[in-house]
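Every number here is computed from the coordinates shown, using simple stated rules; none is lab data. Computed from a predicted model, the values in this text were never measured in an experiment. Quick reminder, even Gly has a Cβ in these numbers, built from the backbone with ideal geometry, and neighbours come from all protein chains shown.
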């Protein structure tokens, strides 16, 4: 259990605190956020754009 | 006295009578049409003259900077001017398109209905530069609730894809290809779900590409679309969101993407057969600004 937790912590540190990895991950998060956020806004408020 | 109205019964699906799905390569068709208009920079003038009901000629002039691939982060542009002559033959069974540019590049497309369900498509791009010419044959078969395609291209390129309607709204497909020259093969899967109000599609390929798209049909005139392209080999990702307004006198499309690039494309019908086009693309990150204007004469 302790080993598994250490592995997860190590993975988290390598993805968030490593500069290069974080640059790529931030770009991925921004793109996924834009995509998912757009879908939510479109489905709920899309009718406001109708003419 | 209030009468009890029974709830509407859910429609029974006849799985032996499903609609024919759209072709595999057009799985992201709605998102592509809304989010990827043909942006250009500089001047563009197109003139199409119909000689009779089936045959027409086209003349096209493009003057403006063309981007040249460079090693550095800076964009290098070279001013170019091109004249393109084209001929089109359109018949219910056969369609032929040919284009030739002043630099010697020739492109040709053929679409022929061999039978009610079998279609042959061929396209070729020929250039003066060695090893830069391409040709491809496609055989498309349309079944009752499926479509299949077989591709044969130069350089030993072989490909096949298949798409099947699984429910009245959902279709699933797969593709496989073999590039003989590079000794590479690939596999891909795609899914598409569509209703009257929305279309959602996804595609994944062993080349590392993941493409997702979603289009909301707000009304007959307005669509909102979003897409995301991710390459898990190169860890490169781009998402964009945009709108598409199709009005009586004009069509306006605009989008913004996750790389800080905004663009818009306007086609305005000034008169019968006369269209005015404006294109704009602003990349804030690279400080690259592209503006284009043009006129299209003829249908």
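Would the stretch B:53-105 count as rounded, prolate or oblate if I go by the C-alpha gyration tensor, calling it rounded below 1.5 in a/c and otherwise prolate when a/b exceeds b/c, oblate otherwise? Because a/c hits 1.5 or more and a/b exceeds b/c, the stretch B:53-105 counts as prolate. For the protein assembly as shown, the 222 nm mean residue ellipticity estimated from helices alone, with every DSSP H stretch of n ≥ 4 adding -39500 (n - 2.57) and the total spread over all residues, rounds to -4500 deg cm²/dmol. The simple spin-label model puts a point 7 Å past each Cα toward its Cβ; for residue A:11 and residue B:97 those points are separated by 4.7 nm.
Calculation over all alpha carbon pairs of the stretch A:2-49 in 10 angstrom steps from 0 returns a P(r) of 24, 28, 24, 17, 6, 1 percent. Normalised by 2.2 N^0.38 Å, where N counts its residues, the alpha-carbon radius of gyration of chain B equals 1.16. From a point 7 Å beyond the Cα of residue B:274 in the direction of its Cβ, which residues of the stretch B:281-298 have a backbone N at a distance under 15 Å? From the stretch B:281-298, the list is B:294-298. The mean number of Cβ atoms from other chains found within 10 Å of a Cβ in peptide A:41-51 is 5, as a whole number. Look at the alpha carbon pairs under 8 Å that are at least 6 residues apart: their mean separation over the length of chain B gives a relative contact order of 15 percent.
A Förster distance of 30 Å, applied to the separation of the beta-carbon atoms of residue A:21 and residue B:189, puts the FRET efficiency at 0.60.
Does the stretch B:153-299 come out rounded, prolate or oblate, given a ≥ b ≥ c as the square roots of the eigenvalues of its C-alpha gyration tensor, rounded meaning a/c under 1.5 and, failing that, prolate meaning a/b above b/c? Prolate, because a/c is 1.5 or more and a/b exceeds b/c. Taking other Cβ atoms within 10 Å as a rough exposure proxy, B:196, B:288, B:46, B:140 sort from fewest to most as B:196, B:288, B:46, B:140. Each of B:165, B:115, B:171, B:234 has some number of other Cβ atoms within 10 Å of its Cβ, and from fewest to most they run B:115, B:234, B:165, B:171. Ordering B:3, B:226, B:48, B:296 from the fewest to the most neighbouring beta carbons within 10 Å gives B:3, B:48, B:296, B:226. Relative to its Kirkwood radius, the Cα radius of gyration of the protein assembly as shown gives an Rg/Rh of 1.00.
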